[in-house]
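Chemist: Here you go, one structure.
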Amino acid sequence: MIYYSIVPPELALVDSSAPTPDYREVEIEGVLMTVEMVGGNARIHRLHSPDPAHYLDPRFQPGSMVTLY
């Protein structure tokens, strides 16, 4: 199948029946981040910190699980 369109394929060919992830912005230990809610815990999706030290901290690595309290 050949797809010609000005709309990117990742937007046009989306499975609408698939569940959308629950993203939330939270601040943990002074670091603002976007997390994906997985059960009762949260998985770090993206950091929003201007401090480069936060990106080098293994506790804040994207994909790591954190507990919200």
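Chemist: Consider the range 51-64. How many of its residues are surrounded by 12 or more Cβ atoms within 10 Å (Cβ to Cβ), out of contact with any helix residue (DSSP H, G or I) (no Cβ under 7 Å at 6 or more places or on another chain) and not small (Gly, Ala, Ser)? Write out each step before concluding.
Modeler: Restricting attention to the range 51-64, the residues satisfying the condition of being surrounded by 12 or more Cβ atoms within 10 Å (Cβ to Cβ) are 54-55, 57, 60, 62, 64.
When the remaining residues are screened for being out of contact with any helix residue (DSSP H, G or I) (no Cβ under 7 Å at 6 or more places or on another chain), the result is 55, 57, 62, 64.
With the extra rule that they be not small (Gly, Ala, Ser), the set shrinks to 55, 57, 62.
Qualifying residue count for the region: 3.
Chemist: I'm trying to understand the selection: among the residues of the range 1-13, which are exposed (fewer than 10 other Cβ atoms within 10 Å of the Cβ), assigned to a loop (DSSP other than H, G, I, E, B) and of a type in the set (A, V, I, L, M)?
Modeler: Met1, Ile2, Ile6, Val7
Chemist: One residue is enough: does the range 15-24 have a residue meeting the conditions aliphatic (A, V, I, L, M) and assigned to a loop (DSSP other than H, G, I, E, B)?
Modeler: yes
Chemist: Go through the range 27-50 and report how many residues are within 16 Å of Gln61 (Cβ to Cβ) and surrounded by 12 or more Cβ atoms within 10 Å (Cβ to Cβ).
Modeler: The total comes to 15.
Chemist: Taking the range 25-50 as the region of interest, how many residues are part of a strand (DSSP E or B), without any contact (Cβ under 8 Å) to a residue 40 or more places away in the chain and in contact with a Leu (Cβ under 7 Å, 6 or more places away or on another chain)?
Modeler: Number of matching residues: 4.
Chemist: Here's something else I'd like to know. With Val31, Val26, Val14 as the choices, which residue is at pLDDT below 90 and either hydrophobic (A, V, I, L, M, F, W, C) or out of contact with any helix residue (DSSP H, G or I) (no Cβ under 9 Å at 6 or more places or on another chain) (or both)? Explain how you work it out, then say what you get.
Modeler: Details: Val31 fails: at pLDDT below 90; Val26 fails: at pLDDT below 90.
Answer to the check: Val14.
The values are calculated or read from the model by the stated rules, or taken from the named source; none is laboratory data. All figures in this text were calculated on a predicted structure; none of them were measured in a lab. No Cβ is skipped: glycine too gets one built from the backbone with ideal geometry, and neighbour counts run over all protein chains shown.
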